[in-house]
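Enquirer: I have a structure here, written as C-alpha cells, and I will follow up with some questions on it.
The values are calculated or read from the model by the stated rules, or taken from the named source; none is laboratory data. What you see is a predicted model, and the numbers here were worked out from it, not measured in a lab. Cβ placement follows ideal geometry from the backbone for every residue including glycine, while neighbour counts extend to all protein chains displayed.
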Amino acid sequence: MNAHFRKRTGLTASLLCLATLSASLGGCARAFAPSTDPTSPIAPRVQALVDANRHYPSWENFPAAPADLPQAAQVAARVQALEGQGGALGGEVARIDWTLGDAETLAAETRAQVGAVPVSPDAARTEAEIDAFAQSLRDRAKAPPPIDRRPIE
C-alpha cells in the first residue's frame with residue numbers, strides 16, 4: 001500500500017520539477033535573444049554594433065595550442081624521478097635519531113655551550129641592576145591622578 005503511494009507522489013513530484021525546469025529555461029531563452037527598444041535614440045547605433053560583432057569571437061581569434069608540449073613519456077619520467085627523490089629523502093629522514101635523550105643531560109650541555117660564549121662587560125649586569133631598572137620602568141608607567149571633573153562653583 002505504501003509503495004503505491006510513493007510511486008504516485010514520486011511521479012507527481014517529477015512532473016512538477018519538469019514543468020518548473022521548462023518554465024525557467026524558457027525565461028533564460030528570452031535572455032539570449034534580447035531586442036533593442038526601437039524608440040530609443042541610440043537604437044540604430046546599438047543595432048549596428050550588435051550586427052558588426054555578431055560572429056565574434058571565432059576560433060581564429062583564439063591562440064593556437066603550444067607546439068612544444070612535453071610528451072606523456074617525458075612527464076611520466078619526471079614524475080618517477082620526483083617520486084624516487086622523495087623516497088630517498090624519506091629514507092634520510094628515517095635514519096635521523098629524533099629522540100632528545102635525557103633532559104638533564106641536554107640542559108647541562110646547553111648550559112655548558114652558553115657558558116663557553118664570552119659575554120661583553122657592557123652586557124653583564126647583576127640581578128640587582130636589572131631589578132632596579134625594571135622597578136624604575138614600573139614607577140614611570142603609573143597613571144597620573146584622575147582629573148577632578150566636578151564643576152567649579
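Enquirer: Identify the residue in region 41-64 that is at pLDDT below 85 and assigned to a loop (DSSP other than H, G, I, E, B) and, among all such residues, is nearest to the chain's Cα centre (by Cα).
Expert: Within region 41-64, the match that is nearest to the chain's Cα centre (by Cα) is PRO57.
Enquirer: Please enumerate the residues belonging to region 71-106 that are charged (D, E, K, R) and within 31 Å of the chain's Cα centre (by Cα). Steps first, answer last, please.
Expert: First, pick out the residues of region 71-106 that are charged (D, E, K, R): 78, 83, 92, 95, 97, 102, 104.
Answer for region 71-106, where residues must be charged (D, E, K, R) and within 31 Å of the chain's Cα centre (by Cα): ARG78, GLU83.
Enquirer: What about ARG149, is it in a loop (DSSP other than H, G, I, E, B) and among the charged types (D, E, K, R)?
Expert: Values: in a loop (DSSP other than H, G, I, E, B): yes; among the charged types (D, E, K, R): yes.
So ARG149 fits the description; yes.
Enquirer: Moving on. Among what's in region 25-40 and is hydroxyl-bearing (Ser, Thr, Tyr) and exposed (fewer than 10 other Cβ atoms within 10 Å of the Cβ), pick the residue that is modelled with the lowest pLDDT.
Expert: Within region 25-40, the first condition is being hydroxyl-bearing (Ser, Thr, Tyr), and the residues that meet it are 35-36, 39-40.
Next cut, exposed (fewer than 10 other Cβ atoms within 10 Å of the Cβ) only: 35, 39.
On the way: SER35: 74, THR39: 87.
The qualifying residue modelled with the lowest pLDDT is SER35.
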